[in-house]
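Here is the structure we will look at.
The values are calculated or read from the model by the stated rules, or taken from the named source; none is laboratory data. Bear in mind that the values here come from a model prediction, so they are computed numbers and not experimental data. For neighbour counting, all protein chains shown are included, and Cβ atoms are generated from backbone atoms with ideal geometry for every residue, glycine included. All accessible areas refer to the heavy atoms of the entire protein, side chains included, with ligands and DNA or RNA removed. Shrake-Rupley method; radii C 1.70, N 1.55, O 1.52, S 1.80 Å.
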Amino acid sequence: MNRFILYLIPSVAFLISPLVAFAQSGWTSACSAGATIDEASLSIYQTNGASLLFRAGAIGTITARYNVANCASPTSTTPPWTTFELGYSDRIGAEITATLFQVEPCSGETTTVCSMTTQRGVLLNCIKCTFPAGTIDFSNYVYYVQVDISRSLGAVLSPQANTLRIY
């Protein structure tokens, strides 16, 4: 019996370890993938690799929305996530805002969980905003991210939203 327990403990630990690692992971998206592009932005946006950006010569605001799924664990509806991150390439005359929204499922009422805006002229960067642990609650709410990329007439190069992460 003691030999059985000696074999059982490492086996159980081996099987549980991927679940523990999976429970700690977060939600990620390349900005070119999985977005719903706002109708007003359809004629001015393009994608390239992981990036969402303007078509050549286009100006205005691109609005894209991304559904946030519970990637933490099928049994955990409140993941330990506390950080929202945007990876981007920005240019002078441009601005990118990323906002994480919480939605009440029946009424559709939205609340901002976390929002951030790029610093003009910073070429390659990641920015983050944080929120309290336990804020994300998939048992009571639905979540989405909205990315707004604005480009003025004077901007020579297109700003790019590259990646989104919640962890």
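Restricting attention to the stretch 34-44, the residues that are part of a helix (DSSP H, G or I) and either in contact with a Lys or Arg (Cβ under 9 Å, 6 or more places away or on another chain) or open to solvent by less than 70 Å² (accessible area, probe 1.4 Å) (or both) add up to 1. From the list ALA13, ALA30, ALA23, ALA64, the one residue that fits, being at pLDDT 95 or above, farther than 18 Å from LEU157 by Cα, open to solvent by 20 Å² or more (accessible area, probe 1.4 Å) and of a type in the set (A, V, I, L, M, F, W, C), is ALA30. Applying the set (1) of a type outside the set (Gly, Ala, Ser); (2) in contact (Cβ under 8 Å) with a residue 60 or more places away in the chain; (3) buried (at least 16 other Cβ atoms within 10 Å of the Cβ); (4) in a strand (DSSP E or B) to THR99 leaves exactly one unmet item: (2).
Quick check on THR77: is it of a type in the set (S, T, N, Q) and either buried (at least 19 other Cβ atoms within 10 Å of the Cβ) or modelled with pLDDT of 95 or more (or both)?
Here the answer is no, as THR77 does not meet what is asked.
Report whether or not THR47 is assigned to a strand (DSSP E or B), open to solvent by less than 80 Å² (accessible area, probe 1.4 Å) and modelled with pLDDT of 50 or more. Judged against the criteria, THR47 is a match.
Hey, does the stretch 80-88 have a residue that's surrounded by 13 or more Cβ atoms within 10 Å (Cβ to Cβ), aromatic (Phe, Trp, Tyr), in contact with a Lys or Arg (Cβ under 8 Å, 6 or more places away or on another chain) and under 24 Å from ASP38 (Cβ atoms)? Yes, there is a match, as at least one residue in the stretch 80-88 is surrounded by 13 or more Cβ atoms within 10 Å (Cβ to Cβ), aromatic (Phe, Trp, Tyr), in contact with a Lys or Arg (Cβ under 8 Å, 6 or more places away or on another chain) and under 24 Å from ASP38 (Cβ atoms). Filtering the stretch 36-85 to residues that are among the charged types (D, E, K, R) and within 19 Å of the chain's Cα centre (by Cα) leaves ASP38, ARG65, GLU85. For ILE136, the stated conditions hold: it is open to solvent by less than 10 Å² (accessible area, probe 1.4 Å) and assigned to a loop (DSSP other than H, G, I, E, B). Residues of the stretch 64-90 that are closer than 30 Å to ARG151 by Cα and not in a loop (DSSP other than H, G, I, E, B): ALA64, ARG65, TYR66, ASN67, VAL68, THR83, PHE84, GLU85, LEU86, GLY87, TYR88, SER89. With respect to CYS129, is the statement that it is surrounded by fewer than 18 Cβ atoms within 10 Å (Cβ to Cβ), among the hydrophobic types (A, V, I, L, M, F, W, C) and in a strand (DSSP E or B) true? Yes, satisfied.
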